[in-house]
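> The structure is given below, and queries will be raised subsequently.
The values are calculated or read from the model by the stated rules, or taken from the named source; none is laboratory data. These figures come from a predicted structure and were not determined experimentally. Note that each Cβ is placed from the backbone with ideal geometry, even for glycine, and that neighbours are counted across all protein chains shown.
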Amino acid sequence: MSTAPRPTLPDLLELRAAEPERAALARPDGTVLTYGAWQGRAAAVAGGLRDRGTGRGDRVGLLFGDHDWLDYAVAFFGVLRAGAVAVPLSPRWASGQLRDVMAGASVSLVIGGEDRGRPAVGLGELAAGRGAPNLARPEDLAQILYTSGTTGRSRGVGATHANLAYEPAAYLADGRRSLAHSRHFLHAFPICGNAGQTTLAATLATDAVGLVAGRFDPEGFGALISAYRVGTVFAVPAMAIALLAERIPDRHDLSSVQMFGSTGAALPPAVALELAEALPGAVIVNTYSSTESAPARTSMVFDPARPAAVGRAVAGTPVRITDEAGTPLPSGAVGRVWLRSPVPRSYVDRPAAGVFEDGWVRMGDLGLLDDGLLYLVDREPDLIESGGLTVSTLEVEAALHEHPDVIEAAVLGVPHPDLGRAVAAAVVTRSATMPADLRAALAARLGAHEIPTRWARLDRLPRNDSGKMVKGDLLPLFPDEGRAPPAARTEVVLAGLWQTVLGIRGARPDDGFLDLGGDSLRALHLSRLTTEAFGVRMPVSVIFERPLFADQVRWVDDQAGRTG
């Protein structure tokens, strides 16, 4: 077994600087950072930090705008070379969030931007240093990255030097280069997100020039692909949706794209299909990971035959599905998703129990494995329990994306006095599509209990800097209006009774009781349950005379109206 020391990112940069004139990163304005300049400036920054008394283990905040990726790359590698800990910050964060992050991470110095109450220094001042040796050690903490906070308060995730360098080091050790088909790869990830940080590290393992677009703009993004003949594009699903909605493939020459990588969230199958049609020369790649689990991930080329799959485990990062107690579940069973990281991360500001366990990382998602492929059911906090039935927001969103008028969709559970939670949907549409039209379209795909009863139409959906949906911001759109219309409640409750009697997952309007295995005994059972649930007696004869689910809903509502 090899005992060779594991390299750090500064080690890998020194290796790449053996070709000092090779371009590493570029900005849309034509500014280029070569490997030689990157290495030299980072070493100077490390020396400047040393001269200021900053050393191993000190936390250094990096406050750069997303258009300053090149300067950020220099500062980041300078901090790592000095043996200090990099804490990416965002000037777009509110003052309170910025203050909380710096306090939680114990930041003692800020490079770039405003100091926001901490000693600050400009990059140019530090870069005047004399250089310094590389003090990075594989086992030391190298970075604290804060999660997106879409389901709660943002958390600080610590990564060691070994963690950050794991994947690019594996490529270089094998003499390989990633993205060999591309002269340029393009992304518009924010500096403070895991996708952007992973892409920066991956730059060390490719000969393609990293073109960083700054803030994402569909028109400008398409223009960059065309002008630079970009071979590889990295994006989050929201960016892919925006490119398609603005018809960028029709207005710009994107024929150079050979790979379109999507990360950060599951790419809705309908969007992936449309993207594949718009970019016929490209493979569409889904990647599933998280700030906590990186570099562990699943990945796969989008397969129209299995459009909902998000990938297979990448070498060295197994996947497992467990119940709430942590017991592994068999193939096909829905449970909690875990990835095993070869070099685990950890929380730096709170206990890690329940998320990091013996190298395994709980992803916060529910899913299942089928033939080695991972399928996501929903985020654990997003799953809706309505009237005793479970609704996957991902499934409802995927169905909504299939409607030709729907550009974006977000589904969430909102309080309901009878059902506990009701299904609500916020949509961005191309035209004034009515909720009744969307409900009718969903009826062919979903069970009655899955079809939203509350609707809102928006110009855009709330997203954080990383492009992830912030569903909590949608809750004010659905104030408590008391009890839902009787038909909506009847659909959900009666669907639950059908599930109990017939063992089906959910009933659709045109489902037939007899077609789904109903018989006299089951009809008698349904008759009794209906009486208990609605206070109206449904004779067995009615079940056979009105076998369709929609007809039974109308019958119950009619009887309830007569007796109410």
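> I'm checking my understanding of the structure. Among residues of the stretch 442-454 that are at pLDDT 90 or above and hydrophobic (A, V, I, L, M, F, W, C), which one is nearest to R554 (Cα to Cα)?
For the stretch 442-454, the residue satisfying everything is I451.
> Restricting to helices (runs of 4 or more DSSP H) lying wholly in the stretch 143-256: which have 2 or more residues that are of a type in the set (V, I, T) and crowded, with 17+ Cβ neighbours inside 10 Å?
194-202
> For the stretch 260-271: of the residues being assigned to a strand (DSSP E or B) and among the small types (G, A, S), which is surrounded by the most Cβ atoms within 10 Å (Cβ to Cβ)? Quick ask: steps written out before the conclusion?
First, pick out the residues of the stretch 260-271 that are assigned to a strand (DSSP E or B): 260-262.
Then drop every residue that is not among the small types (G, A, S), which leaves 261-262.
On the way: G261: 20, S262: 24.
So, considering only residues that are assigned to a strand (DSSP E or B) and among the small types (G, A, S), the one surrounded by the most Cβ atoms within 10 Å (Cβ to Cβ) is S262.
> Of the residues that make up the stretch 353-362, is at least one more than 26 Å from L164 (Cα to Cα), outside the structural domain of D405 (by TED's automatic domain parsing) and not hydroxyl-bearing (S, T, Y)?
no
> Looking at the stretch 272-282, is at least one residue part of a strand (DSSP E or B) and touching a strand residue (DSSP E or B) at 6+ places or on another chain (Cβ under 9 Å)?
There is no residue in the stretch 272-282 that is part of a strand (DSSP E or B) and touching a strand residue (DSSP E or B) at 6+ places or on another chain (Cβ under 9 Å).
> Limited to the stretch 292-322, what total is found for residues that are part of a loop (DSSP other than H, G, I, E, B), free of Cβ contacts under 8 Å to residues at least 60 places away in the same chain and hydroxyl-bearing (S, T, Y)?
The number of residues fulfilling the criteria is 1.
> State all residues of the stretch 258-294 that are out of contact with any Leu (no Cβ under 9 Å at 6 or more places or on another chain) and of a type in the set (V, I, T); if no residue qualifies, say none.
Answer for the stretch 258-294, where residues must be out of contact with any Leu (no Cβ under 9 Å at 6 or more places or on another chain) and of a type in the set (V, I, T): T263, V283, V285, T287.
> Something else: Looking at the structure I just gave you, is P509 assigned to a loop (DSSP other than H, G, I, E, B), modelled with pLDDT of 85 or more and closer than 30 Å to I543 by Cα? Break it down stepwise before answering.
Details: assigned to a loop (DSSP other than H, G, I, E, B): yes; modelled with pLDDT of 85 or more: no; closer than 30 Å to I543 by Cα: yes.
Against the criterion (assigned to a loop (DSSP other than H, G, I, E, B), modelled with pLDDT of 85 or more and closer than 30 Å to I543 by Cα), P509 does not qualify.
> Within the stretch 523-564, take every residue that is farther than 16 Å from A448 by Cβ, among the hydrophobic types (A, V, I, L, M, F, W, C) and outside any helix (DSSP H, G or I) and give me the one that is modelled with the highest pLDDT.
Applying the filter and picking the extreme gives M538.
> Restricting to the stretch 461-479, name every residue that is assigned to a loop (DSSP other than H, G, I, E, B), among the hydrophobic types (A, V, I, L, M, F, W, C) and closer than 21 Å to R430 by Cβ.
The answer is L461, and nothing else.
> Considering the stretch 500-546 alone, what residues qualify as being crowded, with 17+ Cβ neighbours inside 10 Å and of a type in the set (F, W, Y)?
F513, F534 - these are the residues of the stretch 500-546 that are crowded, with 17+ Cβ neighbours inside 10 Å and of a type in the set (F, W, Y).
> Being within 18 Å of F478 (Cα to Cα) and basic (K, R) narrows it down to one residue among R430, R421; which is it?
On the way: R430 fails: within 18 Å of F478 (Cα to Cα).
None of the others qualify; the one that does is R421.
> While we're here: If you go through the stretch 153-195 one residue at a time, how many are in contact with a Lys or Arg (Cβ under 9 Å, 6 or more places away or on another chain) and of a type outside the set (G, A, S)?
Matching residues across the stretch 153-195 total 12.
> Could you please give the count of residues in the stretch 411-424 that are free of Cβ contacts under 8 Å to residues at least 40 places away in the same chain, surrounded by fewer than 24 Cβ atoms within 10 Å (Cβ to Cβ) and in contact with a Lys or Arg (Cβ under 9 Å, 6 or more places away or on another chain)?
Our first condition is that a residue be free of Cβ contacts under 8 Å to residues at least 40 places away in the same chain; within the stretch 411-424, this holds for 413, 420-421, 423.
So of that shortlist, the ones also surrounded by fewer than 24 Cβ atoms within 10 Å (Cβ to Cβ) come out as 413, 420-421.
Checking which are in contact with a Lys or Arg (Cβ under 9 Å, 6 or more places away or on another chain) leaves us with 413.
Number satisfying all stated conditions: 1.
> Out of the residues in the stretch 481-499 that are over 16 Å from P452 (Cβ atoms) and exposed (fewer than 15 other Cβ atoms within 10 Å of the Cβ), which is modelled with the highest pLDDT?
The qualifying residue modelled with the highest pLDDT is G482.
> Now a separate question. I'd like to verify a number: residues in the stretch 309-325 that are buried (at least 20 other Cβ atoms within 10 Å of the Cβ) and farther than 20 Å from E167 by Cβ, how many?
Selection size over the stretch 309-325: 2.
> Ok, one more. Can you spot a residue in the stretch 81-97 that is touching a helix residue (DSSP H, G or I) at 6+ places or on another chain (Cβ under 8 Å), part of a helix (DSSP H, G or I) and either at pLDDT below 85 or not β-branched (V, I, T) (or both)?
yes
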